[in-house]
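> Take a look at this one; I'll ask things after.
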Amino acid sequence: MYVKTVNPPFPGPKSWEEYDRCLVSSLAEGPSGTLVVLPGNLGLYLAYSFGEAGGEGKSFLETYKNYIRLSSSWLKEFMALHREAAARAGVYLVPGTYVLQEEGDIFLASSLISPEGDILFVQKQAFLSRLERSLGLSRGDTLEGAELSAGGGTDDGSGLRKGLRVGLIPGTDAFYPETGRILALKGADIVCHPGCLERDAGPWVPVAGMWQQVQQNQFFCVESQLCGDMAGKTFGASSLIHGPCEMTPGQTGILAGGEKPGEAATAFLHNEERLNVIKKYSLLGLLNPAAYNPLMPSGEGETLP
């Protein structure tokens, strides 16, 4: 399975057309059925880069508020651009995170787009930071996933294998272990994390996020972190591709990435090797499924590996 992160460069304000052209070019590398993950707060970053969220001199909070006030047509254009890019490149695409308004509520959300350009599902962030609460964002109340229906690849890297299940953990949800555990109980093989950590967050903050989620649940994770300056803040954690420690070099839990902030991470995910790790020591198999019944829809999570 071939997966990668992409963090497009933004030397200055760009038109949607220029961004689309650069995006498709970067997505097109790799075999058919590739899974590509873009960074968190991409919607906000694009609005800022294009001068549509206030521009220079505005604080980060003001910029975010201006972004939230953008019309619904802005999100439609954002999604249409990424759906077209996924279809033209023939990849599964996670377009970072963006603000979604539904029936008066505002959510931070992400989604999975198919190689045909269809939105397979939308995942709303379930836990909010202090800043996100101050902005009036609402919490999502479900954790979704989708089974891949295209690709048909094999573990030699020729593409994603049909039938694999993909889940999303956007933003702050990475630091709440319930999110990864519920997705694992729902059968997630790969979890995608669009993140947005400030550069001075320190080396242990990322470890407390998706690294620990992977080691507790034994799925793969493709983590794409935003890198760049925006409204007085500098973002720059490394994008990483995680796997269970037992199948990674030096048992680090990292399959690829981490060299420099902003650099793309690319890896072949060998699912058979992951399944062998689980077969030898199944963490989920040691659980008491009944303890998770209040968190799970009826009938889900009752059969563990």
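The values are calculated or read from the model by the stated rules, or taken from the named source; none is laboratory data. The structure displayed is predicted, hence computed values, not measured ones. As a convention, Cβ positions derive from the backbone with ideal geometry for all residues, glycine included, and neighbour counts pool all protein chains shown. Surface accessibility is based on the protein's heavy atoms, side chains included, excluding ligands, DNA and RNA. Shrake-Rupley method; radii C 1.70, N 1.55, O 1.52, S 1.80 Å.
> Using square roots of five times the C-alpha gyration tensor eigenvalues, list the equivalent-ellipsoid semi-axes of region 193-272 in whole Å, biggest first.
Semi-axes, largest first: 24, 12, 10 Å.
> Further question: Kindly sort 227, 221 by accessible area of their heavy atoms, largest first, with the probe set to 1.4 Å.
Values: 227 30, 221 0 Å².
The most accessible residue leads, giving 227, 221.
> Would you kindly find the accessible area of residue 18, with a 1.4 Å probe and non-protein molecules such as ligands, DNA and RNA excluded, rounding to the nearest 10 Å²?
80
> Which of 263, 272, 52 moves most in a GNM of the chain, Cα contacts under 10 Å?
Highest fluctuation among the options: 272.
> Count the DSSP beta bridges whose two residues both fall in region 1-111, then state the antiparallel fraction as a percent rounded to the nearest 5.
45
> Still on this structure, please answer the following. By a straight-distance test (C-alpha under 22 Å), which lysines pair with residue 76 as possible cross-link partners, with residues fewer than eight away in the same chain excluded?
14, 65, 124
> Which value in nm describes the separation of the simple spin-label points at residue 119 and residue 75, placed 7 Å from the Cα toward the beta carbon?
Here the modelled spin labels are 0.7 nm apart.
> Here's a follow-up. Given a 1.4 Å probe, how much area per residue of the chain is accessible, in Å²? Don't skip to the end; give the middle numbers.
Details: 13090 Å² over 305 residues.
With the other protein chains kept in place, the chain gives 43 Å² per residue.
> In the chain, what percentage of the DSSP-assigned beta bridges are antiparallel, given to the nearest 5?
Looking only at bridges with both residues in the chain, the antiparallel portion is about 65 percent.
> Given the options 193, 242, 82, which has the most mean-square fluctuation in a GNM of the chain, springs set between C-alpha atoms less than 10 angstrom apart?
Taking springs between Cα atoms under 10 Å, the residue moving most is 82.
> Right, next: Over region 198-299, what percent of the accessible surface lies on carbon and sulfur atoms, probe 1.4 Å?
C and S atoms contribute 55 percent here.
> Counting only protein heavy atoms, what percent of the accessible surface of region 26-168 is carbon or sulfur at a 1.4 Å probe?
Working: 2610 of 5810 Å².
Carbon and sulfur together cover 45 percent of it.
> With both bridge residues required to lie in region 157-297, what share of the DSSP beta bridges run antiparallel, to the nearest 5%?
55
> Comparing 123, 101, 213, which has the greatest mean-square fluctuation in the GNM of the chain with Cα pairs linked when under 10 Å apart?
101
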